[in-house]
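Notes for the one structure printed next.
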Amino acid sequence: MAIPIELDHSSPQSLQGQIFEQLRHLILKGKLKPGTVIPASRVLAEQLGISRNTVLLVYDRLIAEGYLQARKAIGTYVNLELPETCLAATRRAAISTPTHGEVIDRPLIPFVSQPQMGTNSRHLDFDFCPDRIGLDLFPHKIWRRFLNRALTSSRTYFTECCNPGGLSQLREVVADHIGVARGISVSADQIIITAGSQEGLNLAARLLVKDGTLVATENPCYHGAAFLFQSYYAKLIQIPVDEAGLDVDQLPKEGVALLYVTPSHQYPLGFTLPIERRLKLLDWARRCGAYIIEDDYDSDFRYRGSPLTALMGLDDYGCVMYLGTFSKSMGAGLRLGYLVVPKTLVSSARSAKALLNNGHAWLDQATMAEFIRSGAYGNHLRRMRNIYCKRRDCLVESLREHFGPVQLSGLESGLHLAWHVPDNYPDAPELQALALRHGVGVYPIGPGTAYDFGKCDYSERTLVLGYSSLNEYQIRAGIRRLAIAVENRLAEADFSDEVASSPVPLPCN
Ligand SMILES: Cc1ncc(COP(=O)(O)O)c(C=O)c1O
């Protein structure tokens, strides 16, 4: 019996691997039935024009995995013990893909996710993406030095799980950093090292949110937070945002268990919550018995005046959880951040982290700890602040040069700003589509940037523009291209208006 096997000598897969896969496939699909004797290794080798040794090795592997059996008098044959019912099910599954709506006999997946931005999925000439930073700005050389140092000095960490809350060296330097930079006075114990602030959010939600829990968020709100709370089946309440950030007076008087807020640089609009509102907010949380998650995602970058003390730094009631991240200062690919919890939540938060993944990978933690301790992080931040401040100024100038006296928000800090486009321009989603056709990425409020619950004053006419991943030349060129696209679009509209309003020519006879 000749077995239908085809070999591709140019394939990166070995001949042995190809024969193994094809024989296994023939058995599982029932083309070689249990009990079928397969050709002797010499015969198959001749049929395929390869060495007998190769075939022997394949047979050995198929025997070891239970597909084949060998007996002296009979030869090598397909295992009689292979359960025919399972093989039949495999065959059925291969020919019948379930049709839409068909009931499948397995538990339903309870959460169906919302569309998220396909990070790095598009190639654009000039991408004003708000959550990316330039690769050229990562401190490769010095990071490599600290990485090597961590590798040689802490070998035992490879074989041991460290504290689920994180490496103590990193927690200590983070406590010092936020003490000075954000006015937050906490012990290292209160800090849990996480895979970016997204994991911190997840931990906080795991502690405080279950099906039906009332969670208040800003409107519009960071999509990563809104989707996360939805995945826990929270009931979301949207609180409007004005030029001073979250409108605290609109918070419900009771019933809310958790509020998610971005007081330093409201995401995505960039407003800063003034001190009166911060104090009011803390008082509300005390009266309501609610916790607050303060997402301080980009406050390392403040360009004007000194930073306002973080909400957690003002909190005397133990109701604020603080989210910090290195995604903006170092890069989102590092996946390093931290959650700071009030003393009463330390042990639960640490247990939740242990259940999730037993703690964060130590090598990056050790490198980051040394990077901060040595003062290199402070230097890096100062350098970045300088560069980003120039990029922001360049973006503002370019917008003014091409679009006149533009209305902007969120200039004081962070790595993006919001442009509130005038009424005579196409709306933000149309501007995005227009820009995209010209190789430029700009972002309206919507999936991929922020969650807009509707009825928000800024929904249709705000574009979010990040300036951290483009240099000044690219910023100027990108805005120039956007301006040309808009100009052409407005000219087209004028032209069609003219056509529409011009008198209909009389038919000539
Ligand atoms: C509001 C907000 N929070 C947090 C983050 C950072 O998330 P992560 O630390 O998980 O990378 C971002 C990133 O863009 C953000 O916009």
For Ile38, other-chain or 5+-apart residues with amide H closer than 5 Å (H placed, Pro excluded) are Thr76, Tyr77, Val78
Segment 1-75, relative contact order in percent, only Cα pairs under 8 angstrom and at least six apart counted
33
Kirkwood calc, segment 396-449, C-alpha pairs only, radius in angstrom 12.3
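Give the order of Cys221, Cys319 when sorted by the count of other beta carbons within 10 angstrom, beginning with the fewest.
Final ranking by Cβ density, sparse to dense: Cys319, Cys221.
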Please list, in chain and number order, the residues 5+ apart from Gly331 or on another chain whose amide H is under 5 Å from its amide H, with Hs placed from the backbone.
none
Apply the Karplus parameterisation 6.51 cos²θ - 1.76 cosθ + 1.60, with θ equal to phi minus 60°, to every residue of segment 198-204 and state each ³J(HN,Hα) to the nearest whole Hz, in sequence, with x for glycine and proline.
4, 6, x, 4, 4, 5, 4
At 1.306 mPa s and 10 °C, Stokes diffusion of segment 266-385 via Kirkwood alpha-carbon radius, µm² per second:
97
For the residues Phe271, Phe158, what sequence is obtained by ranking on other C-beta atoms within 10 Å, fewest first?
Phe158, Phe271
What does the C-alpha gyration tensor say about the overall shape of segment 436-482? Classify as rounded when a/c is under 1.5, otherwise prolate if a/b is larger than b/c, or oblate.
prolate
Percent RCO, i.e. relative contact order, over the chain, from Cα pairs under 8 Å lying at least 6 residues apart
18
Which chymotrypsin sites (Phe, Trp or Tyr not before Pro) does segment 176-246 hold that lie in a coil by DSSP with at most 15 other beta carbons within 10 Å?
Tyr233
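Taking the highest mean first, how do the peptides 399-408, 196-205 order by number of other beta carbon atoms within 10 angstrom per residue?
Working: 399-408: 14.5, 196-205: 23.7.
Descending mean neighbour count gives 196-205, 399-408.
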Rounded to the nearest 20 debye, what is the charge dipole size of the chain about its Cα centre when +1 sits on each Lys and Arg Cβ and -1 on each Asp and Glu Cβ?
2140
Please report the orientation-averaged projected area of the chain, defined via the convex hull of its C-alpha atoms, in nm².
38.6
With a Förster distance of 25 angstrom and the Cβ-Cβ distance between Ile275 and Asp242, calculated FRET efficiency to the nearest 0.05 equals 0.95
Segment 330-389: Rg to Rh, with Rh as the Kirkwood radius over Cα pairs
1.08
Please compute the modelled spin-label separation between Lys72 and Ser374, points set 7 Å along Cα→Cβ, answer in nm with one decimal.
6.9
Return a single number: how many Lys pairs in the chain, at a sequence separation of 8 or more or on separate chains, have alpha-carbon atoms below 26 angstrom apart.
20
In Å, descending, principal axis extents of the Cα set of segment 151-253:
53, 33, 21
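Using a Förster radius of 30 Å, what is the FRET efficiency between His25 and Ala354 based on their Cβ-Cβ separation? Nearest 0.05, please.
Efficiency at R0 = 30 Å is approximately 0.10.
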Rg(Cα) / (2.2 N^0.38 Å) computed for segment 292-448, rounded to two decimals:
1.30
In nm, spacing of pseudo-spin labels at Ile484 and Leu147 (7 Å Cα→C-beta vector):
3.9
Counting only DSSP beta bridges fully inside the chain, the antiparallel percentage to nearest 5 is 60
FRET efficiency estimate (nearest 0.05) - Cβ-Cβ, Lys210 to Ser51, R0 45 angstrom
0.10
Angle between the Cα long axis of helix 84-95 and the longest principal axis of the chain, 0 to 90 degrees, nearest 10?
50
Provide Tyr303, Tyr451, Tyr67 in ascending order of the number of other Cβ atoms located within 10 Å of each residue's Cβ, fewest first.
Tyr303, Tyr67, Tyr451
Can you tell me how much longer the chain between Glu460 and Val406 gets when fully stretched, taken as 0.36 nm per residue apart minus their C-alpha distance, in nm with one decimal?
17.8 nm
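Every number in this text was worked out from the coordinates using simple rules, so none of it is lab data. Everything numeric in this text was worked out from a predicted model, so none of it was measured. Positions of Cβ are backbone-derived with ideal geometry, glycine not excepted, and every protein chain shown enters the neighbour counts.
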